[in-house]
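What follows is one structure encoded as C-alpha cells, with my remarks underneath.
The values are calculated or read from the model by the stated rules, or taken from the named source; none is laboratory data. Just so it is clear, the structure is predicted and the values come from calculations on it, not from any experiment. FYI the Cβ positions are ideal-geometry reconstructions off the backbone, even for glycines, and counts take in every protein chain you see. These area figures cover heavy atoms from the full protein model, side chains too; ligands, DNA and RNA do not enter into them. Shrake-Rupley method; radii C 1.70, N 1.55, O 1.52, S 1.80 Å.
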Amino acid sequence: MNWWQRLWHRQQMDEQLDKELHFHLEQQTADLIAGGLAPDEARRQARLTFGGPTQVTEECREARGTRWLEDLVQDFLYTVRMLRHKPGFTIASVITLALGIGASAAIFSAVDPILFEPLPYPHASKIMMIWDGSRDGGRLPGTFGAFRAMVERSRAFEAMAVMKTWQPTITSSAQPERLEGQRVSASYFQVLGVIPTLGRDFQESDDQFHGPNVAILSDTLWRRRFGGDPSIIGQQVKLDGDSFTVIGVMSKKFENILAPSAELWAPLQYDRSLPPQSREWGHHLRTIARLRPGATQTQASLELGQVLRDLASIYSRANTDYVTPDRFIVNPLQDDVTRSVKPALLVVIGAVMLVLLVACVNVTNLLLARGSQRRAEFAMRAALGAARMRLIRQLLTESLLLASIGGILGMVVAEVGVRALLALSPSGLPRANAITLNGTVFVFGLALTTLIGLMVGLVPALQASRDELNAGLHQSARSRIGGRQMARRTLVITEVSLALVLLVGAGLLLRSLQRLFAVDSGFNAAHLLTMQVQTSGHRFDDDTTRLFFSQSIDAVRNVPGVAAAAFTSQLPLSGDLDEYGVHFDPGPDGRPEGGYSVFRYAVTPGYLEAMGIPLQRGRLLNEHDIAGAPPAVLISESLAKRRFSGQDPIGHRLHVGRQDVPWYTIVGVVGDVKQLSLAVTESNAVYVPAAQWYFADDAMSLAVRAHGDAAALAPAIRDAIWSVDKDQPIVRVATMDKLVAATAAERRFVLILFEAFGLVALILAATGIYGVISGSVSERIREIGVRAALGASRSNILALVLRQGLALTTLGIFIGLAGAMVASQALVSLLFGISRLDPITYIGVILLLTGVSMVACWVPAWRASRVDPSITLRAE
C-alpha cells in the first residue's frame, strides 16, 4: 500500500490499530495473571511494559510515513477555524496582502513584456537598430545613400532594411480613410524573421525605382476593410489615387514593434542613382539589421566605422543642410524601443516594491499582535508536548493561508490594475497590446504569494517559539501584549519611513508637473480646436492643393461659432517635426551665414492670430503675402536673438532649405512656441506664407479659435471641409488643451501610480501606528490608572500617549528622509524645474505624515485619558 492509499484509508487503519493494541494489552495482562499477579496489578504492569496507548499509536502513525501530511491537514483545518473566529484580523490581513500582491502583479504584467521578455521575433537578440550619431552625442535617422553603402560593404549582417512613415488615403465606396503605414525596403520582414500568412513577401524586384505598386496588409486592416476575404491576394486597392496590388497579409500574431499602428506596407522604391544632393540623402530613414550567426554587436560597430570612413568623401560632397554623422550607433532593437520608457518603468517597479514591503510589514505587525494574544495558547500546547518546530509550522501555515487568499484576491486586483494601466499609459508605450494577465504573471503571483507567506509568518513564528512558553501560563493578557511591543514599534517605524519615500516621490512629480504646465507654450490653448486635413490623388498638384486648402478655410470661417481659423504645415505639441536649415544674407565675407536649424511653418493668413502667438516687432503675415508678391517671412524671438544679438532683424533676408529659390525678407518677429514638448527649449522657427513656399504641403493642420466650446464645433467643421471635397480624410481631431496635456503623459502616468502607492502606504502606516499605540494603551492600563489616581489630568495622559506615537513617527521620518534622498535620484529624468531635494516637497510630506500620525494616535490616546482609576485598580 503506497502513502496515498495509507492516507486515504487512515480511519480504517486507526481502527485496526486500536483493536490490535487492545488485543496485545489484554494478552500481556492475561500472561501476567497466569504468572500469579492480581488482575489490577497485572493490568498496571502490562501498561508499564507496553507503553501508553497514545504514545504507541503516535509511533505507529510515524511508521506509516504519512504523519507529515496528516499534521499538515490538521494545521490547515485548525488555521481555518482560527481565522474564521477572528474575522477582523483575517479581513484586514487579506485586503492588505491583496493590494500589495495585486499591484505587484499588475506592474509585472506591464514590465515583463516591455523590459524582460524577448521581442516576438525569431532570435530577436540578433536584430539591431542603426542610427547616425551626431557630434553633440545625439542620434539621427539614417540616409538612403548610407544604407546602400552598408548593404554593399558590411559583412556582419545577413539582412538590412530601412523604413519611413507612410500615411496613404484609401478610397472606395466607403468613407475615405487615412491609414498608418510604412514604406520599407524589400528585406524589412526578412530582418524581423516573419513572413505573410497569406501571399508572399516583398522581393528585390518590387523595390526598384518606378517598380510595381504592391502592398502587404495587416490582419487588422484585412478584416476591418475587406472582411477577411482570402481572395484579396492579387486584388487592387486605391491608395492616394494609385492602384496597388495586394500581395500578402500578415499574421494576426505579427507585432510590429517599430510602428505599432502601421496597417500596411509598400516598397520604398528610391532611385539608387541619385547624387548626394538629392532628397534620398536626407536623414529621415530608420535602419534595422539582423546579425549573421556568430557576429557580435561590437564587431558590427567596428565594421560600420570603416564603412563611414569609406563614405567620408561622399558625405563631403553632400548638401550642407544635411548633418554628417560622426559615427554609426548600433543598439539591440529591444534596448532601442524601451529606451524612452525604461527609466519610468524602473521607477514604478521600485515604487510597487515599496508598497509590497509596507503591506508585508503591516501584516507581520498584525501577526505579532495576534501572537501576543495567543501566548497562553502556545504555552499550553508546549506543556502538552508540542515541539518548537510544530508551533513554527502551525504559524507558517496560518501566514501561508492568509497569503494564498490574499494572492487569489490579488489577481482580481491585478486585473483591475492592468485595465487602469492601459487606460493611463502614455500613447508611446511599446508593446502595450502584450500587457495582460498571462501564465507568466500567474507564476509570478504564485511565487510572490509563497515568498510573502513565509516572510510575514517567519518573524512571528520564531518569536513565539523563543518565548518562555511555560511562563506564559501565569501571565496576564496585558503582560502578553507588552512582550512584542519593541518588534511592533520597529515595524511601524519601517512603515513610516517607506511611506515617506513614496510620498516624497509623488510630491516631487506633482511639483514637477505644476512647473511644467506653468511653462509658457507661446500660444493660447483655450477654446482652440485642431485637426489635420490631407489631400490625396493625382489630381492634386501644387495649384490644386493650394486651392483646396483656400476654399476649405473659407468654408470653416463661415461656420457659426468660429472666431478665427487658419492652416499650418505643422502644429505645436502634435508630434510634428519639420526642420530646415536656414542661411541668412551674406556677411562681410560675401558668403551666406548658415548653421541654423529651425522649425518651418508654412501658414495661411490669420494663423498667428488664431493661435494667439504674440507679435514682438514688425508685422504679421496677411492676405497680401501671396504667390508673386515679395517673399516675406517671420522669425521667432529666440532666432532673432541668436542671429542678430540686439540688432533689428527687420529687412534682413534668409533662405529656408533650398538656396536656389528667392530670398525671404524678414517682416516681423514673433514669440517663441514650444513645438516638441513643454520641457524642450528648442524654439527657433520661421513662418512663411503657404502660398509662397516652393511646394504645397499635402497635409495641413487646421487651428480654429472658437467663441465657446471648441470641441463642439468639430462635426460642423468637418462637414464644411467635406463640402469642398468629400474624399479628403480628416484626422487627429483634438483640442489644443488635450495636446498640451499629452506632452506630459509619461510624467502624469508615473505620478498617478506614485500617488496611488503613496496613499496605500500612508493608510497602512497610519493603521500600524494606531495598532501599536492601541496595544501600548492596553498594556499600560494599570500604569495609566495609577497616574490618574495620583492626580494626573486627562490632558497629561493624552499628551503622554501622543508623545509615544509621535516619537515613532519622528524616528521613521528621519530614516525615511535618508532613504528618500537616495531614492529620488531615480526620478531625476522625470523631474522638470525642481531639484530632487526640493525643500517644499520634503516639508510638505513631513507635515502630512505628522498630521496623519496624530490622527492615528488620537483615538487610543482619548481612550486612555478616560480611564477610571478606581475600576482599573480594583480589576488588578
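Here are some notes:
- Taking helices (runs of 4 or more DSSP H) as the structural unit, those lying wholly within segment 304-396 and holding at least 3 residues that are open to solvent by less than 50 Å² (accessible area, probe 1.4 Å) and at pLDDT below 75 correspond to 342-373, 375-383.
- Check on Leu790, buried (at least 22 other Cβ atoms within 10 Å of the Cβ) and in the same structural domain as Ile813 (by TED's automatic domain parsing): no
- Cβ-Cβ under 6 Å pairs, at least 6 apart or on other chains, segment 107-130 side open to solvent by less than 20 Å² (accessible area, probe 1.4 Å), far side part of a loop (DSSP other than H, G, I, E, B) and of a type in the set (Ser, Thr, Tyr): Ile114/Thr338
- The condition of being surrounded by 19 or more Cβ atoms within 10 Å (Cβ to Cβ), within 30 Å of Gly833 (Cβ to Cβ) and at pLDDT 95 or above holds for only one of Ala703, Ala710, that being Ala703.
- Any hit, segment 835-842, residues being modelled with pLDDT of 90 or more, open to solvent by 60 Å² or more (accessible area, probe 1.4 Å) and part of a helix (DSSP H, G or I): yes
- Test: residue in segment 789-803 that is at pLDDT below 75 and touching a helix residue (DSSP H, G or I) at 6+ places or on another chain (Cβ under 9 Å): yes
- If the condition is being open to solvent by less than 60 Å² (accessible area, probe 1.4 Å) and not polar (S, T, N, Q), then segment 728-738 contributes Pro729, Ile730, Val731, Val733, Ala734, Met736.
- Taken together, Ala823, Ala788, Ala799, Ala807 contain a single residue that is in contact with a Pro (Cβ under 7 Å, 6 or more places away or on another chain), at negative phi and assigned to a helix (DSSP H, G or I), which is Ala788.
- Unique match (being in a loop (DSSP other than H, G, I, E, B), crowded, with 18+ Cβ neighbours inside 10 Å and within 42 Å of the chain's Cα centre (by Cα)) among Val680, Val673, Val688: Val673
- Selection status of Ser829, in a helix (DSSP H, G or I), surrounded by fewer than 20 Cβ atoms within 10 Å (Cβ to Cβ) and polar (S, T, N, Q): yes
- Qualifying residue in segment 175-198 (condition: more than 30 Å from His283 (Cβ to Cβ) and of a type in the set (Gly, Ala, Ser)): no
- Helices (runs of 4 or more DSSP H) (entirely within segment 19-121) containing at least 2 residues that are at pLDDT below 70: 39-50, 53-64, 67-85
- Taken over segment 781-799, the criterion of being of a type outside the set (Val, Ile, Thr), touching a residue at least 40 places away in the same chain (Cβ under 8 Å) and closer than 22 Å to Ala369 by Cα is satisfied by Arg782 alone.
- Where Thr530 falls short, out of the listed (1) assigned by TED's automatic domain parsing to the domain that holds Val724; (2) at pLDDT 95 or above; (3) not charged (D, E, K, R): (1)
- Extreme residue, surrounded by the most Cβ atoms within 10 Å (Cβ to Cβ), among residues of segment 619-642 that are of a type in the set (Val, Ile, Thr) and out of contact with any Ser or Thr (no Cβ under 8 Å at 6 or more places or on another chain): Ile635
- Entry remark, segment 421-456: residues being within 22 Å of Lys342 (Cα to Cα) and either touching a residue at least 40 places away in the same chain (Cβ under 8 Å) or in a loop (DSSP other than H, G, I, E, B) (or both) number 19 in total.
- Where a residue in segment 511-531 is more than 21 Å from Ser636 (Cα to Cα) and among the β-branched types (Val, Ile, Thr) and its partner, wherever it lies, is in a helix (DSSP H, G or I) and open to solvent by 10 Å² or more (accessible area, probe 1.4 Å), with Cβ under 8 Å and at least six apart: Thr530/Leu739
- The single condition from (1) more than 36 Å from the chain's Cα centre (by Cα); (2) assigned to a helix (DSSP H, G or I) that Val772 fails is (1).
- Helices (runs of 4 or more DSSP H) wholly inside segment 136-242 containing at least 2 residues that are charged (D, E, K, R), surrounded by 15 or more Cβ atoms within 10 Å (Cβ to Cβ) and assigned by TED's automatic domain parsing to the domain that holds Lys253: 219-226
- Residue that is modelled with the lowest pLDDT, among those in segment 279-303 that are surrounded by 15 or more Cβ atoms within 10 Å (Cβ to Cβ) and over 23 Å from Leu192 (Cα atoms): Glu280
- Selection of strands (runs of 3 or more DSSP E) fully inside segment 479-589 by the criterion of at least 1 residues being open to solvent by 20 Å² or more (accessible area, probe 1.4 Å) and touching a strand residue (DSSP E or B) at 6+ places or on another chain (Cβ under 9 Å) returns 562-568, 579-584.
- Within segment 630-654, the set of residues being within 44 Å of the chain's Cα centre (by Cα) and assigned to a strand (DSSP E or B) comprises Val633, Leu634, Ile635, Ser636.
- Condition broken by Gln616, with the remaining ones in (1) part of a loop (DSSP other than H, G, I, E, B); (2) open to solvent by 30 Å² or more (accessible area, probe 1.4 Å); (3) not hydrophobic (A, V, I, L, M, F, W, C) satisfied: (1)
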